[in-house]
1. Residues in region 125-152 that are in a loop (DSSP other than H, G, I, E, B) and either under 12 Å from F83 (Cα atoms) or in contact (Cβ under 8 Å) with a residue 40 or more places away in the chain (or both): how many?
2. Cβ-Cβ below 6 Å, separation at least six or inter-chain, first residue in region 79-98 and without any contact (Cβ under 8 Å) to a residue 60 or more places away in the chain, second of a type in the set (V, I, T) and open to solvent by less than 40 Å² (accessible area, probe 1.4 Å): which pairs?
Amino acid sequence: MDEITINIMIVGDNGVGKSCLFKRLIGDRYDINYISTITDNYKTITKKLDNKKIKLRICDTPGRERTKTCSKMHYKKADVIIFVYDINDKSTFKNIPLWIEEIEFNARGNFIKILVGAKEDRFSKRQVEKENGIKMEKLYLFDNFFEISSLTCFNNFWLSIPSYCLSLSGN
């Protein structure tokens, strides 16, 4: 059986839902008790898909400016970078181009870019319309765009991420 390792980084401003996304990806659980991430947090999970053993090495990064230095060292290793903003906080959406600029400056050549609008379950407080996410996806050449809820987990992002990353990575 072939074994493939895919390094995934989750980036975005503080409080956008990166850690909740991380916890869903690594163990399909939601933790209502939010604790701010203070340093890069790695976890490896293994999935079997199409007679391949896929190791997803997922990194949850802190969103604070003072802790970005440790994340910069890891950008070069990333195969997939998930850019997360909170659909209920327009400033986090407006900061996505800054994250792109920083990562493209520090990362190696090619990596898969996925844009994620988080906290979809709180749509009554929405400040960023889905159409704006779609426009950003096209403008910055993201490979895909999702709106998600780590709480309700009702779309197929959670189940499709391993196969999606595998197909885009060319393996």
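The values are calculated or read from the model by the stated rules, or taken from the named source; none is laboratory data. Computed from a predicted structure; not experimentally measured. Cβ placement follows ideal geometry from the backbone for every residue including glycine, while neighbour counts extend to all protein chains displayed. SASA here: full protein model, heavy atoms, side chains in, ligands and nucleic acids out. Shrake-Rupley method; radii C 1.70, N 1.55, O 1.52, S 1.80 Å.
1. Residues meeting the conditions: 8.
2. Going by the 6 Å Cβ cut-off, the qualifying pairs are K90/V128; F93/V128.
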